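Student: Just dropping this structure here.
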Amino acid sequence: MSLLKPRFLTSQAGLGLVISLSILALALLGPWLAPHSPVALVGPRYGAPDASALLGYDYLGHDVWSRLLAGGFSLVWMAAAASLIALAVGTLIGMTAGFFRGRFDQATLWWADVFLAFPNLILVLLVVAMLGREPWLIVLIVAVAFLPGVIRLSRSVTLGIAQLEYIEASTMMGYSLPRILLREILPNIATPLLIHLGTMMSWAVGILAGLSFLGYGVEPPAADWGLMVNENRAGLQIQPYAVLAPAVLVALFALGTNLLAEGLGRANAGIKEKA
Amino acid sequence: MTSELSRRGFLINSAALGGSLLLGGGLTGGLLSACSNNSSPEPTALPTTPQYGGRLRLGIIDGSKTGDLDAHKPLTTGAIIRGFALYSKLWEWSEQMTPDLALAEEVDVNADASQWTIRLRQGLEFHNGKTITADDLIFSARRLSDPALASPYLAYLKWIDRDNLVKLDERTVRIPIKGGIGLLSLPDSWVNFGGIVPQDYHPVTNPVGAGPYKIKEFVPGQRSLFTRFENFYKTGKPYPDELEIIDFKDQTSRVAALLSGQIDMANALDPEQLIPLKRNPKVNVVISETHGWNSFDMNLSQAPFNDDRVRQAFRLLVDRQEIVQRALGGEGRVGNDIYSPLDPTFNHNIPQREYDLEQARSLLKQAGYDNDLKVTLTVGPGLTAVAGGSPAGLVLAEQAKKAGVTIKVTQVDAATFGGPQRNDWQFSTNSRLGGSFLHTAAMVDSPISSANKTHFDNARFSELFRQAISTTDLEKRKPLVHEAQQIQHAQGGLILWGFNNTLDAAGRHVGGLAPERSHFPTWRFDKLWLSS
Amino acid sequence: MESSSKLAGHWSASATQASDSGKRAGLTLALPAWLGWALKRIASSLLGIIVISMLVFAATQVLPSDPARTILGPEATEDAVQVFREKLGLDQPLIKQYWQWISRAAQGDWGHSIDSNMPVTQLIAGRVNNSLALVASVLVLIVPGSLIAGVFLALRRDGWLDRTLVASMIALKAIPSFAIAIGLVMLLATSVFSIFPAVSLLDPNRSAFAQPQFMILPALTLVVATMPYLVRLVRGAMIEVLDAEFITSARLRGLSKRVLIWQYAIPNAVIPAIQAIALTTSVLLGGVLVVEVVFTYPGIGSALNAAVDIRDIPVIQAIVVFLAASVMTVNLIADLATVLLTPRLRTRPGKEAA
């Protein structure tokens, strides 16, 4: 696949990859490196940085550095899970619709359009406010919000190749539907979908952080970057690190995934040009 | 029935007030008593001579509800604040948070508090120029207690015998209490939302009252604009020409508005905002040591809190001082699991419960828990302990770990927290304004409460409460309340860990704003003024 | 953040048009073909709005959160809540409630707010105007701005200015809008400079346009949050057109650069821009939520947030339906414009233009 060619590593995608991987590493390894428990009350509220707390203390007296290390995991897994679920389900629906066309296709498109008329954040907010803020529910509803986009994308790229000879050939050879969809079509539409995955990741980060900001995100006392921004916001003038540090990490993570998607897109376009 | 005894009882009940409640002069009554009791020093650099004119702008936070103007059914704190501008009541809060006479000139209550005789001041006027009469008082009392109004305070007001109100003369009405009990704390409950309104009153089309300001415009959820009522019963007041109350959704943006001069005052601030505000030379920060309290409510009808030993253990494992420091930012004082310390009947002899981890552990062990007790604490929305939000619960969860108890903190939104499940939480936060013992008990854990989250139901306590609420004589009531509080302290369901300060701030050009023991120095629209 | 999330819709929409347009040949109507298509689209949108309103209505009923109880507060007696519930009609069967709502809504009566008891239309009319004023001001700034900047950057493709700006736009796009808002408040209203009001206390009696000082910071936040996407899209479209064969051949024929750009490149780059503007508009309609909360801007976003919080169903319904209808209308107009501006689609617009 084109992704593996070294030239895909344009400087942009490379930078995106480095940033994303660093944040990922921080999020995954952080919980083990944290000097304190992220929920332990170890210092004065809004205490200034000192020897045992690099970034000072937050609104209750947690160590900001420890919370920072522990707080990436929820954001990363939720953003990743929501995007992957949307990608998997959406691709399946989109491919099926694009392959069969006809009524199923029309109905799918119509539903996708109905959902597209709902601004994402508002959809998520409505559901989370009504149904509660369990992480799996937030993940699920963010995924649902992303679905129409994935469906439309995978459908349209499927449409493009469904008429190609080799696909028609596999149909005539009587291959089963899953085989055609997964073995013949999917590999050929993977690149735009993977690029879209990167884009979705950065949207998910934005939505999840925005949700936390509005008070509907992850539940305290869990350490979570979005939540940290929200809960320490009132103390911005007293202890700015407690707000700025997680805000910077959220932005970096979104930036990394965004750059990666952009770079992949660009590299892909470049490859096409050459071909 | 208007015995000397009852008069005296009511007098003493109504405080450590220097003056007499039955003072005919009215205006002077409240002010005199306030001066003689308010020990908080007046900040010197502030303007002192009241000036007329200008528009006073108060920024409030009123949650998500938009509120209304209904005198008898204020659905939000904001609606109650607007009511303080728009309506005058029979009583008003003193600076000690006890009810003083306002529109009423004289209130007589019989010995068991089952008959209230109320006489209005002479020459009172509504905003529309109409004289206030006994008929308006009857209309207001009937509307207030009307089940069809569905007032949120009906639990309390349904005891008013609304079909048997008697007009004694043009200014005097007799209000009987039904159900064979007295209702000694009637003034406490009437004072917040018992505006006296004319008989053609309508909360939307004709919101007329006798408060210091008339409504000019009301945009729900955004702002309300009022103009000075020239014939306010406190002659010469209020001072500003206009009053504007502006709704904010966000604490941080409200502080920004105060700093940039878009509003003159902000009430009930978060503690973290005090630090930058105190440093700002343009801002006057007013800290009122209220007896508004914050608690964890243990549900006695569910395990493990149906076990006395577990309740005791929980009350001992709480490091109250730490919660006050962390969750209230130090703006408060520790509590002793009983409310209303400003009430003259409060039992000050009960020793403060101290933090005792060892004792808590051993009690839990006796109750059969060996480091394996798990409970769920449900907290309200938001990040302020004063609103029942998460911080106090999060601190408690950490403290409980030391006693081998796992507390899972679950945060729900306002609609769920106060919703149909509100009395079913196993363990939940609570936060309330200060008030007299009887009034608070009536709301919280007495047999007549409709929001008894603790399900506290003690036969002896109920009996004491019923007696106390029908006993006008303070000296006779004292021992009843003392014993009732002892029961609450020993067996009740509240972990009342602290009393919070009310934190207000205003530009230094706002006069008449000073700390009180009440929650609302910023709502005293008849006293506040602007210096040019 | 959310700003770009409809990009996929756009992307695939144009891809769809491209891939389908060939196959629908031969279907030509006597009337202007797009008219029938547009009517069908409108009908489909109406159906979509009804479905959305049903979904929202169902969602509000799921949790054990009783609006009557929520409004009256935890202290109200069960009797009082019951009385209030009956008054609001909440004791009726769900389907009946929905039917009553929609049949009245169809006649223009959107019910009363459970909370303030004001007619919903009256309650949100001013807020709708405020939000639309905000969105309109943002569009007025970003549409010409992005077109100019996009074309400008495309012509200087891969120059240092282009690379710097593209990189910084990618970075800006990554910042959540609430962070932008807080940053702008600190920079321009409170901590560094105090030029603009930090809070948008609009006078409800005057149009928002008459009080521009209150719109500056919210509008600026939305501009920063959405403009990078639009600029980059215009830039990309422009580059694509500049690289297209017909431009190359025109260049070979010796047409001047000016003519090439103004008569060939820009008109062709505008078509994808239309879809992107539609998309940005719908993103703005959703994006006002956070920004309005931060600035206490009295618009539909903050009203919706509040209404959701207290389950004020008539208000939620009205706002959601309004938002959905707006998004659908904007999309419809954009698709129509695309169809009318694209010669090859004008005579045979397929359903896939949807």
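Each value in this text was obtained by applying a stated rule to the coordinates, not by laboratory testing. This one's a predicted model, so the numbers in the text were calculated from it and none came from an experiment. Methodologically, a virtual Cβ is constructed for each residue, glycine included, from the backbone with ideal geometry; neighbour enumeration extends over all protein chains shown.
Student: Would you mind telling me which residue in A:Leu29, A:Leu260, A:Leu69 has the biggest mean-square fluctuation in a Gaussian network model of chain A, where springs connect alpha carbons within a distance under 10 angstrom?
Tutor: Comparing A:Leu29, A:Leu260, A:Leu69 in the GNM, the peak value goes to A:Leu29.
Student: Using the crude model of +1 on Lys and Arg Cβ and -1 on Asp and Glu Cβ, and no other charge, please compute the dipole size for the stretch B:231-348 relative to its Cα centre, in debye to 20.
Tutor: Details: 13 positive and 17 negative charges, 58 e Å.
The calculated dipole for the stretch B:231-348 is roughly 280 debye.
Student: I've got another one for you. How big is D for the stretch C:80-119, in µm² s⁻¹ as a whole number, if Stokes-Einstein is applied with the Kirkwood radius of its Cα pairs at 10 °C and 1.306 mPa s?
Tutor: On the way: Rh = 10.8 Å.
For the chosen part, D equals 147 µm²/s.
Student: Turning to a different aspect of this structure: If r is the Cβ-Cβ distance from B:Thr205 to A:Phe100 and R0 is 45 Å, what FRET efficiency results, to the nearest 0.05?
Tutor: Values: r = 61 Å, r/R0 = 1.35.
That gives a FRET efficiency of 0.15.
Student: Select from A:Arg233, A:Arg179, A:Arg133 the residue whose mean-square fluctuation is largest in a Gaussian network model of chain A (Cα-Cα springs shorter than 10 Å).
Tutor: Among A:Arg233, A:Arg179, A:Arg133, the largest mean-square fluctuation in the Gaussian network model of chain A belongs to A:Arg179.
Student: Let me ask another. Rounded, prolate or oblate: pick one for the stretch B:234-289, where a ≥ b ≥ c are the square roots of the eigenvalues of its C-alpha gyration tensor, a/c under 1.5 means rounded, and failing that, prolate if a/b is larger than b/c, else oblate.
Tutor: Details: a/c = 1.98, a/b = 1.58, b/c = 1.25.
Prolate, since a/c reaches 1.5 and a/b exceeds b/c.
Student: Lysines near B:Lys401 by alpha-carbon distance under 16 Å, same-chain residues fewer than 8 away left out - which ones?
Tutor: The qualifying lysines are B:Lys365, B:Lys374.
Student: Report the number of Lys pairs in chain C whose alpha-carbons are under 20 Å apart, with separation of 8 or more residues or on distinct chains.
Tutor: Lysine pairs satisfying the spacing and distance rule in chain C number 6.
Student: Which of the listed residues, C:Val294, C:Gly236, C:Gln100, is farthest toward the dipole's positive end in the stretch C:32-346, when Lys, Arg count +1 and Asp, Glu count -1 at the beta-carbon?
Tutor: Value computed over the given set: C:Gly236.
Student: Can you give me the convex hull volume of the Cα atoms of the protein assembly as shown, divided per residue and expressed in Å³? Could you put the intermediate results ahead of the total?
Tutor: On the way: hull volume 218.4 nm³, N = 1161.
Expressed per residue, the convex hull around the Cα atoms of the protein assembly as shown is 188 Å³.
Student: Please work out the Cα center distance from the stretch B:443-482 to the stretch C:133-197, rounded to the nearest Å.
Tutor: So the separation of the two Cα centres works out to 63 Å.
Student: Still on this structure: Tabulate in residue order the Karplus-calculated ³J(HN,Hα) for the stretch B:98-110, using 6.51 cos²θ - 1.76 cosθ + 1.60 with θ = phi - 60°, rounded to whole Hz; enter x for Gly and Pro.
Tutor: For the stretch B:98-110, the Karplus curve yields 10, x, 9, 5, 10, 6, 6, 8, 8, 10, 10, 10, 6 Hz.
Student: Please report, in debye to the nearest 20, how large the charge dipole of chain C is about its Cα centre when each Lys and Arg carries +1 at its beta carbon and each Asp and Glu carries -1 there. Working shown, then result.
Tutor: Values: 27 positive and 21 negative charges, 368 e Å.
With only Lys, Arg, Asp and Glu charged at Cβ, the dipole is about 1760 debye.
Student: So the label point goes 7 Å from the Cα of C:Lys96 along Cα→C-beta, right? Which residues of the stretch C:65-83 then have their backbone N under 19 Å from it?
Tutor: Counting only backbone N, you get C:67-68, C:82-83.
Student: Add +1 for every Lys or Arg and -1 for every Asp or Glu among the other residues with Cβ under 12 Å from the Cβ of A:Gly56, and state the total. Before the final figure, lay out the partial values.
Tutor: On the way: positive: A:Arg45, A:Arg67; negative: A:Asp50, A:Asp58, A:Asp63.
For residues surrounding A:Gly56, the net value is -1.
Student: Return the aspartates and glutamates within reach of B:Lys476: Cα separation strictly under 17 angstrom, same-chain partners fewer than 8 residues apart disregarded; answer none if there are no such residues.
Tutor: B:Glu4, B:Asp112, B:Asp343, B:Glu463
Student: For chain B, what is the Kirkwood hydrodynamic radius in Å, using each pair of distinct C-alpha atoms?
Tutor: Numbers: mean 1/r = 0.0419 Å⁻¹.
Hydrodynamic radius (Kirkwood, Cα only) of chain B equals 23.9 Å.
Student: From other protein chains only, count the Cβ atoms within 10 Å of every residue's Cβ in A:197-206, then give the mean.
Tutor: Working: counts 0, 0, 5, 4, 0, 6, 8, 3, 3, 14.
Going residue by residue through A:197-206 and averaging, the value is 4.
Student: Per DSSP H run of at least 4 residues, take -39500 (n - 2.57); add these up for chain B, divide by its residues and hand me the 222 nm value, nearest 500 deg cm²/dmol.
Tutor: On the way: 16 runs with 152 residues, N = 532.
Computed ellipticity for chain B at 222 nm equals -8000 deg cm²/dmol.
Student: Another one. If you take the charge dipole of the protein assembly as shown about its Cα centre, with +1 on Lys and Arg Cβ and -1 on Asp and Glu Cβ, which of B:Leu90, B:Ala415, A:Gly160 is farthest toward its positive end?
Tutor: With unit charges placed on the Cβ atoms, the residue in question is A:Gly160.
Student: Ok, one more. Would you mind counting up the charge near C:Asp312? Only other residues with Cβ under 12 Å from its Cβ, with Lys and Arg at +1 and Asp and Glu at -1.
Tutor: Every neighbour counted, the sum reads 0.
Student: Let me ask you something else. Please give the average number of partner chain Cβ atoms lying within 10 Å of the Cβ of each residue in C:306-318, rounded to a whole number. Mind showing how you got there, number by number?
Tutor: Working: counts 8, 5, 12, 13, 11, 8, 4, 0, 0, 2, 3, 0, 0.
Whole-number average of other-chain Cβ neighbours for C:306-318 is 5.
Student: Another question about this same structure. Lys and Arg at +1, Asp and Glu at -1: add these up for the other residues within a Cβ distance under 11 Å of C:Ser113 and post the number. Show your work: numbers first, answer last.
Tutor: Values: positive: B:Lys65; negative: B:Asp68, C:Asp115, C:Asp312.
It works out to a net charge of -2.
Student: Pick from C:Ala106, C:Ala154, C:Ala174 the residue whose mean-square fluctuation is largest in a GNM of chain C, springs joining Cα atoms under 10 Å.
Tutor: Residue with maximal mean-square fluctuation among C:Ala106, C:Ala154, C:Ala174: C:Ala106.
Student: Distance from the Cα centre of the stretch B:396-432 to that of the stretch B:244-278, in angstrom?
Tutor: Cα centroid to Cα centroid, the span is 29 Å.
Student: Please report the orientation-averaged projected area of chain C, defined via the convex hull of its C-alpha atoms, in nm². It would help to have the intermediate numbers written out before the result.
Tutor: Numbers: hull surface 91.6 nm².
Seen from a random direction, the Cα hull of chain C projects 22.9 nm² on average.
Student: In 10 Å bins starting at zero, report the fraction of Cα pairs in the stretch C:220-346 per bin as a rounded %.
Tutor: Pairs per bin, as whole percents: 12, 30, 27, 17, 10, 4, 1.
Student: Also: When a footprinting reagent is the concern and you count Cβ atoms within 10 Å, what order do B:Asp200, A:Asp113, B:Asp70 take, fewest first?
Tutor: On the way: B:Asp200 13, A:Asp113 21, B:Asp70 24.
So the residues, fewest neighbours to most, are B:Asp200, A:Asp113, B:Asp70.
Student: Determine the dipole magnitude for the protein assembly as shown: charges of +1 sit on the beta-carbon of Lys and Arg, -1 on that of Asp and Glu, nothing else is charged, the reference point is the Cα centre, and the result goes in debye to the nearest 20.
Tutor: On the way: 97 positive and 93 negative charges, 772 e Å.
Dipole size: approximately 3700 debye.
Student: Another question, if that's okay. Cα-based Rg of the stretch B:206-360 per 2.2 N^0.38 Å, rounded to two decimals? Working shown, then result.
Tutor: Numbers: Rg = 22.1 Å, N = 155, 2.2 N^0.38 = 15.0 Å.
Normalised Rg, Cα atoms only: 1.48.
Student: Oh, and also: Taking square-rooted eigenvalues a ≥ b ≥ c of the alpha carbon gyration tensor, is the stretch A:40-152 rounded, prolate or oblate, where a/c under 1.5 means rounded and, failing that, a/b exceeding b/c means prolate? Write out the running numbers ahead of the final one.
Tutor: Numbers: a/c = 4.69, a/b = 3.00, b/c = 1.56.
Because a/c hits 1.5 or more and a/b exceeds b/c, the stretch A:40-152 counts as prolate.
Student: Label the stretch B:375-524 by shape, choosing from rounded, prolate and oblate, from the square roots a ≥ b ≥ c of the eigenvalues of the Cα gyration tensor; if a/c is under 1.5 it is rounded, and otherwise prolate applies when a/b is larger than b/c, oblate when it is not.
Tutor: Oblate is the answer for the stretch B:375-524, as a/c is 1.5 or above yet b/c matches or exceeds a/b.
Student: Sticking to Cα atoms, compute the Rg of chain A to one decimal and its Dmax as the biggest Cα-Cα distance, whole number, in Å.
Tutor: In Å, with Rg to one decimal and Dmax whole: 21.6, 73.
Student: For the pairs B:Lys73/B:Lys214; B:Lys478/B:Lys527; B:Lys65/B:Lys234; B:Lys249/B:Lys282; B:Lys216/B:Lys527, note any where the Cα-Cα span goes beyond 28 Å.
Tutor: Details: B:Lys73/B:Lys214 18 Å; B:Lys478/B:Lys527 34 Å; B:Lys65/B:Lys234 32 Å; B:Lys249/B:Lys282 24 Å; B:Lys216/B:Lys527 20 Å.
Result: B:Lys478/B:Lys527; B:Lys65/B:Lys234 exceed 28 Å.
Student: Let me ask another. Quickly estimate the mean residue ellipticity at 222 nm for chain C, helices only: each DSSP H run with n ≥ 4 gives -39500 (n - 2.57), and the total goes over all residues, rounded to 500.
Tutor: On the way: 14 runs with 246 residues, N = 354.
Helix-only estimate at 222 nm: -23500 deg cm²/dmol.
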